[in-house]
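Right, one structure below, let's go through it.
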Amino acid sequence: MFCKIRQQLARLLDISEGLSPAHYRALRRLMTFLMVSVSVTPLLVLSAFSHIQYSRMVEQELEAPLDTLARKSRASLELFLGERFSTVSFIAHAHSFASLNHPDAFRRVFLALTSEFHGFVDMGLVNAEGHQVDYVGPYQLKGADYAGQPWLREAEIKGRYISNVFLGLRDFPHMVMAVHRLEADGTRWTLRVTIDISQLEKALMPTGPDRETDVFLCDGNNILQTNSRLYGKALEKLPLSLPPVGLEPAVHHLNADGQQLLVGTALLSGTDLRLVAVKSGPEALRPWTSLQSELILVLCGGIVIIVLVSHFLMKALVARLQAADEHRAAITAQMEHQHKLSSIGRLAAGVAHEINNPLAVILEKAGLAQDILRLSPSNGNQPQADSLLPLLDGIERTVLRARNITRRLLGFSRRMEASCQPLRLEQIIAESLDFLGNEAAHRGVEITVRLPENLPDVVSDQSQLQQVFLNLLGNALDALEGQQAGRIEIDGKLSDTETVLITVRDNGKGMSPEMLRHIFEPFYSSKREKGTGLGMFITYAIIRRLGGDIVVHSQQDAGTTVHVSLPVHAQVISEA
Amino acid sequence: MDILLVDDELDFIEPLAQRLRLRGYKARFATNGEALLDQLAKSPPDVLVLDWGMPGLSGPILLERIHTGWPTLPLVILSGYNTPKGLRQENWPQIREVLTKPLHFNGFLEILEGVCPSRGNTVPQQGDNA
Amino acid sequence: MSHTACMARLLASAVHDMRNILAVIRESAGLAQDITRFGDGSAASRKELEISLDEVRRQVVLAAQLAEGLEFMAQNGPPRGSLSQSGATGDKSNSCDLARVCRLFCRMAARQARAAQIRLECAENTEPVWMESRPMPVLHCLLDVLDSCVSVGGKVDLHLAATQQEGATGIAVRVSGGDNEALALSALTACLRPIQGMTCARLLSTGPGTFFLVLPTGEEG
């Protein structure tokens with residue numbers, strides 16, 4: 001493809017005479033296109049590149065705090081739960097069942113507990129049979145029977161139990177911790193505490209409240225354990241689908257309801273619980289997106305400016321180029337003209353010089369003949385005749401020689417004579433038709449010429465004008481090739497006081513819009529084998545030089561019409 | 001007066017010489033530069049009539065040779081060109097006159113006389129008007 | 001009319017005339033041959049012979065003048081030392097003898113003048129009238145003047161004389177005789193569009209029927 005562009009460019013830049021406006025338009029478009037693409041492409045590439053890099057960086061930047069938050073929260077929660085659990089465990093191991101199984105003692109222990117640590121709601125002592133024999137707390141749960149309950153069983157088996165958050169008998173979200181103690185004497189009992197979630201929630205945000213991030217806990221079944229700002233209260237189902245949990249905290253990108261979310265998760269060790277920190281994508285990315293939209297604005301603005309500048313710059317440049325080309329063509333024509341003048345002069349001078357010699361010969365011989373007549377003794381004709389005849393012969397020969405010399409000049413001057421004179425268009429057209437008459441008749445083409453009587457003479461160059469009409473009529477004939485009932489119509493009229501308009505119309509095969517665009521270009525020919533492709537190109541140049549204009553209309557398979565306008569008084573351009 | 005004519009165009013120079021002879025001058029001719037130099041060496045004339053545009057040895061080079069050998073010889077230059085190429089008359093005081101062909105015969109005679117006033121030859125006056 | 005056109009026309013005229021001259025020479029020489037061969041040696045036939053030979057020589061002179069005129073068009077400067085008196089030096093100078101140019105113009109344009117029934121004459125200058133100009137523009141101006149007369153139908157007598165008037169060098173144009181005198185006069189009054197290289201040539205009216213073609217000096221041809 002580049003090859004084609006290069007060829008195209010080379011063709012357009014290759015200057016030739018008789019330049020058509022279409023040529024310059026094409027050049028301008030091509031140059032603008034090239035300039036814009038060369039300017040814009042690196043810009044776009046750079047933008048895309050930096051966009052990718054930057055978004056990657058921003059992602060990382062966003063992930064990091066969330067990751068940190070998740071870790072810190074996890075650590076904080078683990079500490080919280082760990083502390084609470086250790087306390088309970090300590091109490092369970094520091095006391096025996098017997099010592100605890102008094103309401104007062106039990107209460108005392110609980111008060112001591114709560115004075116140090118916040119979050120304990122109640123405490124219960126459950127015996128081996130599962131009865132809660134002691135209870136301290138806001139609820140009437142003394143004597144509750146937990147026998148057979150899974151938590152108790154787990155506590156009894158594993159020695160410890162931490163629950164997920166649930167509603168339970170207490171009708172508020174809470175969490176239960178239990179420690180099972182097997183004493184040396186075989187007594188088995190379980191110490192149970194309830195932990196208030198709100199304290200837990202406080203531990204969720206160790207770095208202070210963050211309005212952009214929603215941090216909460218949820219369990220393995222996606223049930224919220226703490227209140228989530230965005231996703232519901234505790235014990236509601238989390239509407240998000242979280243990716244599977246790994247041991248290490250991780251940050252994931254989720255798409256929920258078309259919204260981009262950044263989610264940091266961390267598993268609380270020893271539990272089924274999961275810490276979730278959610279930051280909305282668009283929220284998080286707001287600085288980035290605003291930057292991005294600014295950049296896009298700048299990019300678009302830049303591109304628009306590039307396009308505008310390119311367009312106007314190229315317009316001006318190509319206009320300049322066109323003017324320069326036309327100027328150059330004019331100058332070249334003028335130089336050719338001067339050259340022609342000087343060559344005429346040289347030719348004339350050459351002939352003059354050459355002819356002087358034969359003239360001298362003739363003169364001497366004639367002079368001598370006369371001298372012989374006068375100066376030699378006049379007795380009888382004969383001796384004189386003997387000397388005279390060769391002289392006179394010589395004169396004749398020399399005359400012929402001189403005539404040959406003038407022949408050159410004669411031919412030249414004949415061609416030159418018709419340089420600028422009043423011409424009857426009728427005559428010129430008729431002469432051109434003469435040339436092509438045979439061919440026209442052969443092809444059965446009907447030619448009609450309609451020129452008004454009072455069509456003024458056009459002062460112009462005969463041979464060039466003839467060339468124009470020969471070309472146009474020849475083209476018309478070619479277009480009618482192989483066609484029945486071909487017709488060529490030639491009309492003329494005075495389009496205004498100073499201009500004559502001649503129209504050559506044929507009903508031949510016409511031209512496609514594509515061909516019409518290139519019609520005045522050199523070497524562009526619809527006749528592959530015949531013709532040099534220069535016909536219309538030269539015609540255009542001649543007509544322009546004669547101060548006229550030529551317009552071609554054509555329709556494929558319908559015909560072609562050529563309008564030629566000529567000034568009545570030739571302004572032969574670049575001639576004096 | 002002994003006149004030496006030099007021109008490559010035989011058809012021109014022969015009748016001219018003959019016409020001069022008819023008027024009592026001694027006229028001989030050569031048709032190229034070498035022959036001219038030969039003749040000059042053998043017997044220099046009173047005046048030399050030299051065609052400028054000859055092939056071979058001619059023009060300024062020939063002029064130089066003539067000047068070297070015969071610096072006082074009066075010259076009359078003929079030329080088919082109205083402005084003989086390469087001839088600067090002021091450089092050569094030997095040159096008395098430059099004439100264009102075709103020759104005006106009477107004028108030619110006058111010039112010859114002026115260059116070298118007649119020493120005993122018959123010059124019949126004719127009413128030539130050429 | 002452009003320079004080229006002017007040149008071409010003068011060239012064409014000159015060539016045609018030259019050919020005619022050669023034809024006449026041929027005929028005259030032929031006649032002389034016949035007289036020599038078939039004549040009786042009498043004084044009468046000798047006289048005839050002489051007349052034909054005279055004709056030959058006369059024609060040669062005309063032809064030489066035409067050739068001179070042709071050389072003007074090379075714009076090499078004035079010719080020198082021809083069939084009339086020897087000219088001055090000046091190989092490639094920008095000057096010309098207006099009288100000679102005038103004469104040669106009349107010679108070269110003779111056929112065109114004849115075609116328009118214009119009698120074109122030139123004064124017999126014995127002295128050259130020098131002017132700082134190439135010959136070609138002068139010829140061009142003169143052709144313009146002739147054209148003006150032709151455009152009103154010709155049929156006048158045109159007399160040209162190179163001369164100096166009130167310090168200016170130029171050509172005096174006198175229109176006289178003929179049927180179209182009045183028209184020609186009016187045509188000439190409006191004559192002389194600027195031509196290339198001689199934009200300030202002017203045709204001034206200097207009296208009834210006379211004009212003076214002022215030619216500027218030092219112009220490029």
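Which of the residues spanning the stretch B:63-111 are surrounded by fewer than 17 Cβ atoms within 10 Å (Cβ to Cβ), within 28 Å of A:VAL351 (Cα to Cα) and small (Gly, Ala, Ser)?
B:GLY86 - this is the single residue of the stretch B:63-111 that is surrounded by fewer than 17 Cβ atoms within 10 Å (Cβ to Cβ), within 28 Å of A:VAL351 (Cα to Cα) and small (Gly, Ala, Ser).
In the same structural domain as A:LEU261 (by TED's automatic domain parsing) and more than 60 Å from the chain's Cα centre (by Cα): does that describe A:HIS51? I'd like the intermediate steps shown before the answer.
Values: in the same structural domain as A:LEU261 (by TED's automatic domain parsing): yes; more than 60 Å from the chain's Cα centre (by Cα): no.
Spelling it out, it is not the case that A:HIS51 is in the same structural domain as A:LEU261 (by TED's automatic domain parsing) and more than 60 Å from the chain's Cα centre (by Cα).
Given A:LEU141, A:LEU81, which one is touching a residue at least 24 places away in the same chain (Cβ under 8 Å), in a loop (DSSP other than H, G, I, E, B) and either within 30 Å of A:ASN221 (Cα to Cα) or touching a Cys at 6+ places or on another chain (Cβ under 7 Å) (or both)?
Working: A:LEU81 fails: in a loop (DSSP other than H, G, I, E, B).
Exactly one residue qualifies, and that residue is A:LEU141.
Got a sec? Which of C:ILE51, C:ILE21, C:ILE25 is modelled with pLDDT of 80 or more and either assigned to a loop (DSSP other than H, G, I, E, B) or at the interface with another protein chain (Cβ under 7 Å from one of its Cβ atoms) (or both)? Full working, then the answer.
On the way: C:ILE51 fails: either assigned to a loop (DSSP other than H, G, I, E, B) or at the interface with another protein chain (Cβ under 7 Å from one of its Cβ atoms) (or both); C:ILE21 fails: either assigned to a loop (DSSP other than H, G, I, E, B) or at the interface with another protein chain (Cβ under 7 Å from one of its Cβ atoms) (or both).
Result: C:ILE25 is the single residue among C:ILE51, C:ILE21, C:ILE25 that is modelled with pLDDT of 80 or more and either assigned to a loop (DSSP other than H, G, I, E, B) or at the interface with another protein chain (Cβ under 7 Å from one of its Cβ atoms) (or both).
Name the one entry in C:LEU31, C:LEU22 that is in the same structural domain as C:ALA63 (by TED's automatic domain parsing) and either on the phi > 0 side of the Ramachandran plot or surrounded by fewer than 24 Cβ atoms within 10 Å (Cβ to Cβ) (or both). Steps first, answer last, please.
On the way: C:LEU22 fails: either on the phi > 0 side of the Ramachandran plot or surrounded by fewer than 24 Cβ atoms within 10 Å (Cβ to Cβ) (or both).
Answer to the selection: C:LEU31.
On the given criteria, is A:GLY548 modelled with pLDDT of 80 or more, of a type outside the set (Val, Ile, Thr), within 24 Å of A:VAL449 (Cβ to Cβ) and surrounded by fewer than 20 Cβ atoms within 10 Å (Cβ to Cβ)? Give the derivation first.
Details: modelled with pLDDT of 80 or more: yes; of a type outside the set (Val, Ile, Thr): yes; within 24 Å of A:VAL449 (Cβ to Cβ): yes; surrounded by fewer than 20 Cβ atoms within 10 Å (Cβ to Cβ): no.
The answer is no for A:GLY548.
Working only within the stretch C:194-208, note down all residues that are at pLDDT below 55 and surrounded by fewer than 17 Cβ atoms within 10 Å (Cβ to Cβ).
Residues of the stretch C:194-208 at pLDDT below 55: C:194-199.
Result: C:PRO194, C:THR199.
Return yes when C:GLU166 is at pLDDT below 85, surrounded by fewer than 17 Cβ atoms within 10 Å (Cβ to Cβ), closer than 18 Å to C:SER205 by Cα and not assigned by TED's automatic domain parsing to the domain that holds C:VAL15 and no when it is not. Show your work before the answer.
Numbers: at pLDDT below 85: yes; surrounded by fewer than 17 Cβ atoms within 10 Å (Cβ to Cβ): yes; closer than 18 Å to C:SER205 by Cα: yes; not assigned by TED's automatic domain parsing to the domain that holds C:VAL15: yes.
Judged against the criteria, C:GLU166 is a match.
Do you know which residues across the stretch C:59-104 are outside any helix (DSSP H, G or I), buried (at least 20 other Cβ atoms within 10 Å of the Cβ) and at pLDDT 60 or above?
C:MET73, C:ALA74, C:CYS96, C:ASP97
With A:ASN164, A:ASN221 as the choices, which residue is in a loop (DSSP other than H, G, I, E, B), out of contact with any strand residue (DSSP E or B) (no Cβ under 6 Å at 6 or more places or on another chain) and surrounded by 14 or more Cβ atoms within 10 Å (Cβ to Cβ)? Steps first, answer last, please.
Details: A:ASN221 fails: surrounded by 14 or more Cβ atoms within 10 Å (Cβ to Cβ).
Only one candidate passes the filter, namely A:ASN164.
Could you please let me know if C:SER148 is among the hydroxyl-bearing types (Ser, Thr, Tyr), touching a residue at least 40 places away in the same chain (Cβ under 8 Å) and closer than 19 Å to C:PRO208 by Cα?
On the way: among the hydroxyl-bearing types (Ser, Thr, Tyr): yes; touching a residue at least 40 places away in the same chain (Cβ under 8 Å): yes; closer than 19 Å to C:PRO208 by Cα: yes.
Spelling it out, C:SER148 is indeed among the hydroxyl-bearing types (Ser, Thr, Tyr), touching a residue at least 40 places away in the same chain (Cβ under 8 Å) and closer than 19 Å to C:PRO208 by Cα.
Could you grab me the full set of residues in the stretch A:457-478 that are free of Cβ contacts under 8 Å to residues at least 40 places away in the same chain and either of a type in the set (Gly, Ala, Ser) or touching an Asp or Glu at 6+ places or on another chain (Cβ under 7 Å) (or both)?
If the condition is that a residue be free of Cβ contacts under 8 Å to residues at least 40 places away in the same chain and either of a type in the set (Gly, Ala, Ser) or touching an Asp or Glu at 6+ places or on another chain (Cβ under 7 Å) (or both), then A:GLN466 is the only one that fits.
Which of the residues belonging to the stretch C:105-118 are surrounded by fewer than 17 Cβ atoms within 10 Å (Cβ to Cβ) and not in a helix (DSSP H, G or I)?
If the condition is that a residue be surrounded by fewer than 17 Cβ atoms within 10 Å (Cβ to Cβ) and not in a helix (DSSP H, G or I), then C:GLN117 is the only one that fits.
Would you pick out the residues in the stretch A:342-381 that are crowded, with 24+ Cβ neighbours inside 10 Å and either modelled with pLDDT under 75 or facing chain C (nearest Cβ under 7 Å) (or both)?
A:ALA348, A:VAL351, A:ALA352, A:ILE355, A:ASN356, A:LEU359, A:ILE362, A:LEU363, A:ALA366, A:GLY367, A:ALA369, A:GLN370 - these are the residues of the stretch A:342-381 that are crowded, with 24+ Cβ neighbours inside 10 Å and either modelled with pLDDT under 75 or facing chain C (nearest Cβ under 7 Å) (or both).
Residues that are at pLDDT below 90, closer than 21 Å to B:PRO71 by Cα and more than 10 Å from chain A (Cβ to nearest Cβ): does the stretch B:3-18 have at least one?
No: zero hits.
Name the residue that is surrounded by the fewest Cβ atoms within 10 Å (Cβ to Cβ), counting only residues in the stretch C:34-43 that are within 8 Å of chain A (Cβ to nearest Cβ) and either in contact (Cβ under 8 Å) with a residue 24 or more places away in the chain or out of contact with any Leu (no Cβ under 6 Å at 6 or more places or on another chain) (or both). Even if it seems obvious, please write down each step before you answer.
Taking the stretch C:34-43 as the starting set, the residues that turn out to be within 8 Å of chain A (Cβ to nearest Cβ) are C:36-37, C:39-41.
Filter again for either in contact (Cβ under 8 Å) with a residue 24 or more places away in the chain or out of contact with any Leu (no Cβ under 6 Å at 6 or more places or on another chain) (or both), leaving C:37, C:39-41.
Values: C:ARG37: 12, C:GLY39: 16, C:ASP40: 10, C:GLY41: 15.
If we take residues in the stretch C:34-43 being within 8 Å of chain A (Cβ to nearest Cβ) and either in contact (Cβ under 8 Å) with a residue 24 or more places away in the chain or out of contact with any Leu (no Cβ under 6 Å at 6 or more places or on another chain) (or both), then C:ASP40 is surrounded by the fewest Cβ atoms within 10 Å (Cβ to Cβ).
The values are calculated or read from the model by the stated rules, or taken from the named source; none is laboratory data. On a predicted model such as this, the values are computed, not experimentally measured, just so you know. Cβ atoms come from the backbone with ideal geometry, glycine included; neighbour counts cover every protein chain shown.
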